[in-house]
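Step one of this worksheet: look at the structure below.
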Amino acid sequence: MARLARVFFWIFASLALSAMARAESPRILTMGDSLMAMHSVSGQSIADNLERMLGTQVTDRSVLGARMIYKLPITGAMGMSIPAQYRGEGWDWVVMTGGGNDLWLGCGCGKCDRKLNRLISTSGTKGALPQLFAKMRRTGAQVVYVGYLRSPGIRTPIEHCKDEGDALEARIAKLAARVDGVHYLSLQDLVPRGDTSFFALDGIHPSVKASRQIAARVAALLKARAHAGPGA
């Protein structure tokens with residue numbers, strides 16, 4: 001009888017410790033477009049790798065083709081609208097991408113000044129992205145905006161979007177430098193010149209290797225901020 005009691009004690013103790021560990025783990029949400037969603041079917045997406053690297057659950061709501069500015073209500077609610085992917089409260093970290101499809105599919109990376117300003121103004125204070133960041137910060141979540149891959153020395157279907165991508169991320173970097181709890185993670189130096197191994201066969205989306213290395217950068221940022229303490 002005493003042996004059985006000890007067995008139950010250790011079972012309940014293990015369950016309690018597991019519950020405490022889960023409660024102490026940060027609640028992480030990933031969201032955005034194909035940069036985040038790529039390889040999710042095979043369990044090799046940025047979110048999947050981040051979960052393994054941090055040893056904590058990561059909730060991923062990213063959707064291929066999603067946009068920051070998306071007006072159709074039904075498919076928007078299903079995730080094609082990136083702002084609609086942000087639901088619930090209690091997130092400690094939100095790791096996101098967004099805006100690339102708005103520029104590529106929305107204006108063909110051509111005459112994009114109006115679209116770019118709707119995403120984020122030159123001052124970094126107005127637009128769909130600052131509005132979403134502010135909503136997240138009001139719930140207490142820290143935000144990591146992950147920039148897009150560059151393709152130095154490589155011909156890709158989206159190479160003509162470089163100027164627009166640079167302008168978008170420069171504005172986000174300006175905002176992040178000023179707003180507490182918003183962090184900009186650049187990938188502009190991730191791809192070595194002429195190295196196609198960071199891209200999928202379509203020359204647009206990240207390869208499995210790239211998704212893993214992006215996740216490593218995100219994990220390093222989250223760990224550094226955790227060690228720095230609240231408000232870092």
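On the basis of being surrounded by fewer than 20 Cβ atoms within 10 Å (Cβ to Cβ), of a type in the set (A, V, I, L, M, F, W, C) and touching a helix residue (DSSP H, G or I) at 6+ places or on another chain (Cβ under 8 Å), does Cys107 make the cut?
Details: surrounded by fewer than 20 Cβ atoms within 10 Å (Cβ to Cβ): yes; of a type in the set (A, V, I, L, M, F, W, C): yes; touching a helix residue (DSSP H, G or I) at 6+ places or on another chain (Cβ under 8 Å): yes.
Considered against the rule, which asks whether it is surrounded by fewer than 20 Cβ atoms within 10 Å (Cβ to Cβ), of a type in the set (A, V, I, L, M, F, W, C) and touching a helix residue (DSSP H, G or I) at 6+ places or on another chain (Cβ under 8 Å), Cys107 comes out as yes.
Residues are listed down the side, and each one gets a yes or a no for (1) under 14 Å from Met68 (Cβ atoms); (2) of a type in the set (Lys, Arg); (3) surrounded by 16 or more Cβ atoms within 10 Å (Cβ to Cβ):
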residue	(1), (2), (3)
Gly99	yes, no, yes
Leu119	yes, no, yes
Thr122	no, no, no
Thr125	no, no, no
Leu149	no, no, yes
Pro152	no, no, no
Ile172	yes, no, yes
Tyr184	no, no, yes
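Count, please, the residues in segment 202-232 that happen to be modelled with pLDDT under 95, of a type outside the set (Asp, Glu) and closer than 30 Å to Pro157 by Cα.
2
Here is a list of conditions, (1) within 15 Å of the chain's Cα centre (by Cα); (2) closer than 30 Å to Asp163 by Cα, and Leu72 meets all of them except one; can you say which number that is?
(1)
Is it the case, given these coordinates, that Asp166 is exposed (fewer than 15 other Cβ atoms within 10 Å of the Cβ) and either in a loop (DSSP other than H, G, I, E, B) or aromatic (Phe, Trp, Tyr) (or both)?
No, not satisfied.
Restricting segment 193-222 to residues that are outside any helix (DSSP H, G or I) and free of Cβ contacts under 8 Å to residues at least 40 places away in the same chain, which is nearest to the chain's Cα centre (by Cα)?
Among residues in segment 193-222 that are outside any helix (DSSP H, G or I) and free of Cβ contacts under 8 Å to residues at least 40 places away in the same chain, the one nearest to the chain's Cα centre (by Cα) is Ser207.
Mind listing whichever residues of segment 138-155 are farther than 15 Å from Leu168 by Cα and not β-branched (Val, Ile, Thr)?
Arg138, Gly140, Ala141, Gln142, Ser151, Pro152, Gly153, Arg155
Based on this model, can you work out whether Thr156 counts as over 17 Å from Gly99 (Cα atoms), assigned to a loop (DSSP other than H, G, I, E, B) and touching a residue at least 40 places away in the same chain (Cβ under 8 Å)? Working first, answer last.
Details: over 17 Å from Gly99 (Cα atoms): yes; assigned to a loop (DSSP other than H, G, I, E, B): yes; touching a residue at least 40 places away in the same chain (Cβ under 8 Å): yes.
Judged against the criteria, Thr156 is a match.
Would you pick out the residues in segment 22-53 that are of a type in the set (Gly, Ala, Ser), part of a helix (DSSP H, G or I) and modelled with pLDDT of 95 or more?
Ser34, Ala37, Ala47, listed by residue number.
The values are calculated or read from the model by the stated rules, or taken from the named source; none is laboratory data. Predicted model, so just to flag it, every value in this text is computed and none were measured. No Cβ is skipped: glycine too gets one built from the backbone with ideal geometry, and neighbour counts run over all protein chains shown.
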